[in-house]
Amino acid sequence: NAVAEVLIATLPMAFVLYILMRKIQHRGWYLLAILFSMGVILLTFSRSGWLALVIMLLILYFARFSKKFDKRSAILVFVVVAIVVLTFYALIWSQVEEVRGSTSSRWLMTGVAWHNFLDRPIIGNGLNTFNEIVGGTFVYFVEFGDPLDSHGFLQKVMTEMGLLGLFSFISMLGYFGYEYVKAYNRAEKKERLIVLGFIMMFCGVVFFQLFSTSYYIVKMWLPIGVGLVGVKLYSQKD
């Protein structure tokens, strides 16, 4: 997961550098870097990494070919990808013992988070109480021992800070996403691919945090900050 998380942020940057390069030879090196990074993400067997990669590729596909198909075609592509991924997961990947254990742990942790959220839905249970709450849950301790940071920001934020904290956090991410999309719409035609790379990076790192625990540290915010600077530069009319 740690390797996949970093590559989800750097893969779109390799795409941006590929677009910026003028010499074919230089583009070839970045293309190899993109393919190599995608291969490593797949070989990490990180489900979060796989899903984030699919999200980024779908964004690239729909943005590049949005004028060449109608809504029915877009829905068909999405449904086909979803069926293939879910079928592979259900028949093969979900049968691995470690995967089943991780999935069970996450579901139980989510149930504990939801139960404690309902106790204090407005302001939550207080900062840095999530692991203590999960670890103090008898059934979780018996099944899995001490809790690990294997959860997403939804579980932690809604448990610790309630609806107010969750709304604030999602609103902030929504505002950043709005800035990315606004920059994409303002960018000149030749600059749009570059801004699209930043959008892919933003969506990838944020989506990854639905299943990871880097939503308060630099792994998430440095890529978002770099992307915001990039979209500001490339969306200026002059």
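Considering the stretch 1-55 alone, what residues qualify as being surrounded by 21 or more Cβ atoms within 10 Å (Cβ to Cβ) and in contact with a Cys (Cβ under 7 Å, 6 or more places away or on another chain)?
Within the stretch 1-55, none qualify.
Hey, does the stretch 176-190 have a residue that's surrounded by 19 or more Cβ atoms within 10 Å (Cβ to Cβ) and within 29 Å of His115 (Cα to Cα)?
Step one: list which residues in the stretch 176-190 are surrounded by 19 or more Cβ atoms within 10 Å (Cβ to Cβ), which gives 180, 183-184, 187.
Still in the list and also within 29 Å of His115 (Cα to Cα): none.
No: the stretch 176-190 contains no residue that is surrounded by 19 or more Cβ atoms within 10 Å (Cβ to Cβ) and within 29 Å of His115 (Cα to Cα).
Within the stretch 11-48, track down each residue that is within 25 Å of Glu191 (Cβ to Cβ) and touching a residue at least 60 places away in the same chain (Cβ under 8 Å). Reasoning before the result, please.
Taking the stretch 11-48 and keeping what is within 25 Å of Glu191 (Cβ to Cβ), we get 11-35, 37-38.
Of everything in the stretch 11-48, those that are within 25 Å of Glu191 (Cβ to Cβ) and touching a residue at least 60 places away in the same chain (Cβ under 8 Å) turn out to be Leu11, Pro12, Met13, Phe15, Val16, Ile19, Leu20.
Could you check the stretch 145-168 and list, in sequence order, the residues that are over 17 Å from Trp114 (Cβ atoms) and buried (at least 17 other Cβ atoms within 10 Å of the Cβ)?
Listed by number, the list is empty, since nothing qualifies.
Could you tell me whether Gly204 is touching a residue at least 40 places away in the same chain (Cβ under 8 Å), within 27 Å of Asn128 (Cα to Cα) and assigned to a helix (DSSP H, G or I)? Before you say what the answer is, go through the steps one by one.
Details: touching a residue at least 40 places away in the same chain (Cβ under 8 Å): yes; within 27 Å of Asn128 (Cα to Cα): yes; assigned to a helix (DSSP H, G or I): yes.
It is true that Gly204 is touching a residue at least 40 places away in the same chain (Cβ under 8 Å), within 27 Å of Asn128 (Cα to Cα) and assigned to a helix (DSSP H, G or I).
Looking at (1) at pLDDT 85 or above; (2) part of a loop (DSSP other than H, G, I, E, B); (3) polar (S, T, N, Q), which is the one condition that is false for Ser171?
The single condition Ser171 does not satisfy is (2).
Looking at (1) modelled with pLDDT of 85 or more; (2) farther than 25 Å from Leu148 by Cβ; (3) not charged (D, E, K, R), which one does Val77 not meet, given that it meets all the others?
(1)
The values are calculated or read from the model by the stated rules, or taken from the named source; none is laboratory data. The shown structure was predicted, so the numbers you read here are calculated from the model rather than taken from an experiment. A quick note on method: Cβ atoms are made from the backbone with ideal geometry, for glycine too, and the neighbour counts reach across all protein chains shown.
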